[in-house]
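Here is the structure we will look at, set down as structure tokens.
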Amino acid sequence: MKGKSLSGWRKINFAMNFVGFFQRRALYKAGKNIKKTQANLLRDILTYAKDTVYGREHKFAEILAAKTDDELFSLYKQNVKDNDYEDLRPYINRHTHGESDILFPGKPKMYATTSGTTSEPKWIPITHKYFSDVYGKMNKLWLDNFIKANNDAFKGGVVTIVGKAIEGHAPDGTVYGSVSGVSFTNCPAFVQKVYSAPPCVFEIADYKARYYTIMRLGIEFNTTLLLTANPSTFVEMQNNVNEYFDDYVNDIEQGTLKKELNIPAHVRATLEARLKPNPERAAELRKIKAEHNVILPKHYWPDLAVVTTWHCGNTKRYLDKLTDSFPETAAQPEFGYFASECRAGLVMNKKDDTTLFAHMHFFEFTNADDIENKDPEFLTLDQLEKGKRYCMYVTTWSGLYRYNMNDLVEVTGFDHGIPTIQFIQKVNGIVTLTGEKLHERQFIMAVHDAEQATGLKIKFHIGFADAERSGYDFFYEFEDRNVTQQQAEAFTTEVDNRLKVINCEYEAKRNSFRVKDPKTFRLIENSFETFKAQCIAEGARDGQFKLLLLLNDPKRHEKFKKLVVD
């Protein structure tokens with residue numbers, strides 16, 4: 001990467017512009033008659049799967065006999081109920097144990113694993129067709145979008161955080177792991193050359209060793225593209241810089257990788273074969289340290305052109321920690337709506353709006369007001385309205401049929417006739433003890449208001465419902481480590497009072513003592529980082545790590561109780 005010529009990055013730009021043009025044209029062609037696009041796509045998916053076990057059980061052939069688009073949508077809703085993962089688990093289990101033609105023709109290419117609502121993880125099948133025709137094509141357009149955001153995106157190196165490509169094997173031998181990791185290992189060779197870390201880095205299990213290695217490799221060169229889904233990852237990367245900067249410099253100067261790091265021997269051998277002494281860069285880094293009290297990405301990566309991560313939902317708390325960290329000239333596009341179950345679209349503008357890929361997924365929506373309705377009205381893409389919020393359901397080429405994403409999204413506008421959305425929150429970010437239906441975003445707002453009222457600043461906060469005592473436990477990590485328990489409890493009083501204003505049901509339940517006074521807990525320093533490290537040590541993945549800030553989750557509740565100041 002160090003010797004990459006100007007012609008090298010221009011070659012990437014030309015190639016990505018070329019393939020991006022055709023993918024962008026296909027997308028916007030879909031918006032010319034979005035209802036017809038969605039009907040044609042649904043017919044294609046049902047035709048693809050009509051001879052599978054699920055297709056026969058749910059009368060796909062009869063649905064396909066529909067003479068009009070409206071009849072097609074109606075028959076699909078009549079014969080296939082809306083599903084969550086547990087509805088599909090028995091079919092997926094048959095695939096994982098070696099059976100073919102259950103949810104889709106043949107067997108999957110791989111499984112993406114993620115946490116489920118039960119103690120059992122979700123095994124999300126990724127078919128060969130979905131991987132090549134959806135992920136493959138969307139990734140090419142995604143790379144082109146970086147160039148559209150800033151033409152210098154690939155002029156230097158790329159630092160990214162992805163999951164481990166292969167984490168294990170299903171009972172029948174099919175691999176499971178990270179889709180982002182597999183995509184990374186399958187990207188074109190001329191693109192892989194600009195990545196500072198090879199795929200084997202993501203096999204490092206030790207939390208600090210992995211971040212050290214990523215940053216030691218990345219900080220040696222002129223990085224111009226920085227990307228990962230979760231902004232909390234950027235925060236932790238910077239924490240690693242704060243702790244180990246001098247060690248990076250020594251390693252760069254000598255062409256080494258710190259011997260004390262817990263790195264598998266085969267990974268270390270691969271990495272050390274790439275390293276050479278670089279005293280010139282070491283001297284530059286030492287000069288940077290001498291000139292700045294706090295060393296930030298804008299100092300060691302001054303030519304950073306694009307930084308992409310999530311901006312929506314509850315990630316703003318972490319983005320606020322990154323204020324003024326990057327060069328002013330760096331474009332910061334939103335990462336876009338992306339889940340293990342599907343990549344629903346891409347951010348095609350310079351805002352935070354995901355354009356839904358109507359030619360690759362069949363979408364249905366229920367109005368946000370219908371969340372608790374047992375028989376909600378389902379809407380298609382052509383029926384959505386700007387400014388309204390909906391719960392989203394998808395049908396994919398990977399055997400997810402009318403699948404409830406459990407996500408609340410807001411329609412922000414239209415891009416060439418295609419709805420654009422922003423993620424608001426998980427639908428299960430709503431917690432209730434006695435019918436108060438407290439939203440995660442309401443809790444976040446109340447904490448923010450309490451900061452304004454008290455002058456105390458929060459580094460991290462989280463709340464849990466305690467069903468046994470019918471009350472909430474609020475946990476805070478204050479920026480000022482000298483905040484007393486008495487001050488913390490006064491802060492909770494402000495939060496509690498603000499919640500009563502924001503949520504009338506909460507006020508009614510509190511005033512009637514059905515919801516008891518909230519309890520206050522002060523957290524140790526770096527509590528979130530410690531908690532995340534524990535979760536990753538237990539098998540969670542960086543890129544997929546998500547943490548709602550208001551939960552009814554006894555297991556995580558107990559973990560945070562162990563992170564409380566004595």
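The values are calculated or read from the model by the stated rules, or taken from the named source; none is laboratory data. As the structure is a computational prediction, the values presented were derived from the model and not from experiment. FYI the Cβ positions are ideal-geometry reconstructions off the backbone, even for glycines, and counts take in every protein chain you see. All accessible areas refer to the heavy atoms of the entire protein, side chains included, with ligands and DNA or RNA removed. Shrake-Rupley method; radii C 1.70, N 1.55, O 1.52, S 1.80 Å.
Please list the non-local residues whose amide H lies under 5 Å from the amide H of HIS311, H modeled 1.01 Å from N, same-chain partners needing a gap of 5 or more.
So HIS311 has HN proximity to PHE335, GLY336.
Decide, for the stretch 465-529, between rounded, prolate and oblate: order the square roots of the alpha carbon gyration tensor eigenvalues as a ≥ b ≥ c, take rounded if a/c falls under 1.5, and otherwise choose prolate if a/b is larger than b/c, else oblate. Working shown, then result.
Numbers: a/c = 2.44, a/b = 1.89, b/c = 1.29.
Cα axes put the stretch 465-529 in the prolate bin.
Once the other residues with Cβ under 13 Å from the Cβ of ASN33 are scored (Lys, Arg +1; Asp, Glu -1), what is the net sum?
Here the count lands on +2.
Straight-line reach from LYS437: which aspartates and glutamates have Cα under 18 Å away, leaving out those fewer than 8 places along the same chain?
ASP369, ASP370, GLU372, ASP407, ASP466, GLU468, ASP473, ASP496, GLU505, GLU507, ASP517, ASP553
Please go through the residue pairs LYS140/LYS459; LYS164/LYS559; LYS59/LYS374 and name each one whose alpha carbons sit more than 28 Å apart in this structure.
On the way: LYS140/LYS459 37 Å; LYS164/LYS559 25 Å; LYS59/LYS374 23 Å.
Distance filter (> 28 Å) returns LYS140/LYS459.
Using θ = phi - 60° and the Karplus form 6.51 cos²θ - 1.76 cosθ + 1.60, what ³J(HN,Hα) does each residue of the stretch 153-158 get, whole Hz, x for Gly and Pro?
Result, rounded to whole Hz: 3, 9, 6, x, x, 10.
Indicate the gyration tensor shape class of the stretch 213-266 (rounded, prolate or oblate), computed on the Cα atoms with a ≥ b ≥ c the square roots of the eigenvalues: a/c under 1.5 is rounded; otherwise a/b larger than b/c is prolate and the rest oblate.
On the way: a/c = 1.72, a/b = 1.47, b/c = 1.16.
Prolate, since a/c reaches 1.5 and a/b exceeds b/c.
How would ARG556, ARG514, ARG343 line up by accessible area, probe 1.4 Å, largest first? Before the final figure, lay out the partial values.
Details: ARG556 60, ARG514 115, ARG343 0 Å².
Result of the area sort, largest leading: ARG514, ARG556, ARG343.
About the Cα centre of the chain, how large is the charge dipole given +1 on each Lys and Arg Cβ and -1 on each Asp and Glu Cβ? Please answer in debye to the nearest 20. Don't jump to the answer; show the numbers that get you there.
Details: 76 positive and 75 negative charges, 319 e Å.
Dipole about the Cα centre, nearest 20: 1540 debye.
Can you list residues from other chains, or at least 5 along the same chain, whose modelled amide H is less than 5 Å from the amide H of THR223?
When sequence neighbours closer than 5 places are left aside, the close amide H contacts are GLY157.
Would you list which aspartates and glutamates come within 15 Å of LYS258, measuring only between C-alpha atoms, while excluding same-chain residues fewer than 8 positions from it?
ASP206, GLU220, GLU243, ASP246, ASP247, GLU272
Which order do peptides 206-212, 166-172 fall in by mean Cβ count within 10 Å, highest first? Spell out each step's value before the answer.
Working: 206-212: 20.3, 166-172: 14.3.
Per-residue Cβ counts within 10 Å, averaged per peptide and sorted highest first, yield 206-212, 166-172.
Add -39500 (n - 2.57) for each DSSP H run of 4 or more in the chain, then divide by its residues: what number comes out at 222 nm, to the nearest 500 deg cm²/dmol?
On the way: 20 runs with 225 residues, N = 566.
When only DSSP H runs of four or more count, the value is -12000 deg cm²/dmol.
For LYS457, give me every one of the aspartates and glutamates with a C-alpha distance below 13 angstrom, ignoring sequence neighbours fewer than eight places off in its own chain.
Of all the aspartates and glutamates, those that pass the test against LYS457 - Cα under 13 Å, at least 8 places apart if same chain - are ASP320, ASP449, GLU477, GLU479, ASP480.
In whole angstrom, note down how far apart the Cα centers of the stretch 9-41 and the stretch 309-347 are.
23 Å
Quick one: ranking THR256, THR96 by accessible area, 1.4 Å probe, largest first, what do you get? Walk me through the intermediate numbers first.
Values: THR256 50, THR96 5 Å².
Sorted by accessible area, descending: THR256, THR96.
Per residue, what accessible area does the chain have, given a 1.4 Å probe and all protein chains present, in Å²?
Numbers: 24390 Å² over 566 residues.
Dividing the accessible area of the chain by its residue count gives 43 Å².
Tell me, what % of the accessible area of the chain is carbon and sulfur with a 1.4 angstrom probe?
Here carbon and sulfur together make up 49 percent of the probe-accessible area.
Heavy atoms only, probe 1.4 angstrom, no DNA, RNA or ligands counted: give me PHE531, PHE513, PHE423 ranked by accessible area, highest first.
Heavy-atom accessible area, descending, gives PHE513, PHE423, PHE531.
Could you compute how much accessible surface LEU551 exposes when probed at 1.4 Å, giving the result in Å² to the nearest 10?
LEU551 exposes around 20 Å² with every protein chain in place.
For the stretch 250-268 and the stretch 129-203, what is the separation of their C-alpha centers, rounded to whole Å?
Taking the Cα centre of the stretch 129-203 as reference, the centre of the stretch 250-268 is 24 Å away.
Once you sort the root eigenvalues of the Cα gyration tensor of the stretch 1-133 as a ≥ b ≥ c, which label holds: rounded (a/c under 1.5), prolate (a/b larger than b/c) or oblate (the other case)?
Values: a/c = 2.68, a/b = 1.40, b/c = 1.91.
It comes out oblate by the Cα gyration axes.
With every protein chain present, what accessible area does TRP142 have (1.4 Å probe, heavy atoms only), rounded to the nearest 10 Å²?
Estimated to the nearest 10 Å², TRP142 gives 40 Å².
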